Amino acid sequence: MSIFDCMTCYDTVAQWTRAEVLWDDELHLGGKSVSQGHPLMDLGARDVAQNTLTIGNLTVRYAYISQKGYYPTKPDHENQDTCCVLEKFDRGSDHAKMFAGVFDGHGRFYEGQLCSKRVKETLPLKLLEAMKQKRTLKSAFVSAFEATNRSLIRELGPKTNESGSSALAMVVTETNVTVSNCGDSRGLLGRRTKTIDGDLYLQPIELSKDHKPFRKDEIERLLTNFPSTEILTFGMQCGEAFISDDFGQQDDPAVQTDPPRVWFKGKGYPGCVYTRSIGDAIAKQAGVIATPEVISINLSPQDKVITLCSDGITEFLSNADVMNICADHDDPLDACEELVQTAFKMYHQEDGRSDDITAIVLYLERNAGIEIS
């Protein structure tokens, strides 16, 4: 059997159950709150999917929305985010698996979009190849990410000099979720938990850690292994602010306007706000590696939700915000819609624009649904 047999999910659009809603007398796809969306959101520039599948005795109801952002000075902007769900991943195995991933492209015009799409197409294949070598899933993910990076740079050449993509990928089995991350998208697990007062809520458990120059361990890795690298805000690099290694808190809105970046010492590039990525060939020399961090968690009956979100959502919504929105809905597509709509509105209110936004939401069911009240 060819490994390409496992990729048929890309072409089985007909089996997806899609919700249809009316917007300005035209038919669009999305959750039930789509009609309340921001008027600047282009509902014709989004990817939407929804379905239900069974993995052993685990039922997974999933949906995703990948929405083009809004850039008033870039009317030709195209969505640089992309995502996928492969329902029958590794079909030759004795154990059923699903694969899901969010890929957030960045860089020069059209190149970021090209990079994220190529990573989406390549990474699952590289992962299958590594898994067939009887590697552990963790080591297979590491091998696949690094192989995807080499393939991207080799095939796209100079287009990857200043462009690339984050990659947040996940494999779910009947009993386990394993998430591999390179970049600043974020995975969360929602575990049904009781407060001290006996109320139920979804406790967010991080399935990934953002790769940004706020992290002390990432700063140490960069400065120790790449002596020609420095970490500065744009203001510091331009001489407009005092140089300091105190960059503040990542979730501080004042800090977000000028976050720390990765530079070559004394040079005005590459200026990356992330410390790991796929592609970005020049930044690789400054320590922006493609090696992922992998987190694996055995699923319990209390684990009810998994989300994979691009930073277009996590820039403004906390982990608790994400889980509270998921807990408010029984339909994963409705949860995706509210996540996307809320982030878009907050982004536009803050910046007068919006980043591209992607959310994948999975509801996990064994003997009970997601009800937490």
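So that you can scan it fast, the table gives a plain yes or no per residue for (1) aromatic (Phe, Trp, Tyr); (2) touching a helix residue (DSSP H, G or I) at 6+ places or on another chain (Cβ under 7 Å); (3) more than 26 Å from HIS77 (Cβ to Cβ):
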| residue | (1), (2), (3) |
| --- | --- |
| CYS272 | no, yes, no |
| PRO292 | no, yes, yes |
| ILE295 | no, no, yes |
| ASN298 | no, no, yes |
| ASP303 | no, no, yes |
| ALA359 | no, yes, no |
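Where helices (runs of 4 or more DSSP H) sit wholly within the stretch 278-373, those with at least 2 residues that are without any contact (Cβ under 8 Å) to a residue 40 or more places away in the chain and among the polar types (S, T, N, Q) occupy 332-351.
One residue is enough: does the stretch 224-245 have a residue meeting the conditions over 25 Å from ARG186 (Cα atoms), at pLDDT 95 or above and in a helix (DSSP H, G or I)? Scanning the stretch 224-245, I find at least one residue that is over 25 Å from ARG186 (Cα atoms), at pLDDT 95 or above and in a helix (DSSP H, G or I), so the answer is yes. Is it true that some residue in the stretch 244-252 is small (Gly, Ala, Ser) and either within 27 Å of SER151 (Cβ to Cβ) or touching a helix residue (DSSP H, G or I) at 6+ places or on another chain (Cβ under 9 Å) (or both)? Checked the stretch 244-252: at least one residue is small (Gly, Ala, Ser) and either within 27 Å of SER151 (Cβ to Cβ) or touching a helix residue (DSSP H, G or I) at 6+ places or on another chain (Cβ under 9 Å) (or both). Scanning the stretch 120-167 for residues that are of a type in the set (Val, Ile, Thr), out of contact with any Gly (no Cβ under 8 Å at 6 or more places or on another chain) and at pLDDT 95 or above yields THR122, VAL142, THR148. Please determine, by comparing only the residues of the stretch 253-281 that are of a type in the set (Gly, Ala, Ser) and surrounded by 15 or more Cβ atoms within 10 Å (Cβ to Cβ), which one is farthest from ARG150 (Cα to Cα). Residue satisfying both the conditions and the ranking: GLY271. Whenever a residue of the stretch 188-201 is farther than 30 Å from ASP311 by Cβ, it has no partner that is at pLDDT 95 or above lying with C-beta atoms less than 8 angstrom away and at least six residues away or across chains. Residues being assigned to a loop (DSSP other than H, G, I, E, B) and either among the β-branched types (Val, Ile, Thr) or crowded, with 22+ Cβ neighbours inside 10 Å (or both): count how many of those fall in the stretch 159-182. Residues meeting the conditions: 4.
The number of residues in the stretch 183-230 being surrounded by fewer than 14 Cβ atoms within 10 Å (Cβ to Cβ), farther than 25 Å from ILE313 by Cβ and not polar (S, T, N, Q) comes to 7.
Here is a yes/no grid of residues against (1) surrounded by fewer than 18 Cβ atoms within 10 Å (Cβ to Cβ); (2) hydrophobic (A, V, I, L, M, F, W, C):
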{"residue": "ARG91", "(1), (2)": "yes, no"}
{"residue": "GLY107", "(1), (2)": "no, no"}
{"residue": "LEU125", "(1), (2)": "yes, yes"}
{"residue": "MET131", "(1), (2)": "no, yes"}
{"residue": "ALA144", "(1), (2)": "no, yes"}
{"residue": "ARG150", "(1), (2)": "yes, no"}
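The requirement of being exposed (fewer than 15 other Cβ atoms within 10 Å of the Cβ), of a type outside the set (S, T, N, Q) and touching a residue at least 12 places away in the same chain (Cβ under 8 Å) is satisfied by GLY235. Checked against the criterion of being at positive phi and touching a helix residue (DSSP H, G or I) at 6+ places or on another chain (Cβ under 6 Å), the candidates GLY279, GLY239 yield just one match: GLY279.
The values are calculated or read from the model by the stated rules, or taken from the named source; none is laboratory data. Everything numeric here is computed off the predicted structure, so don't read it as measured data. With ideal geometry, Cβ positions are generated from the backbone for all residues, glycine too; neighbour counts draw on all protein chains shown.
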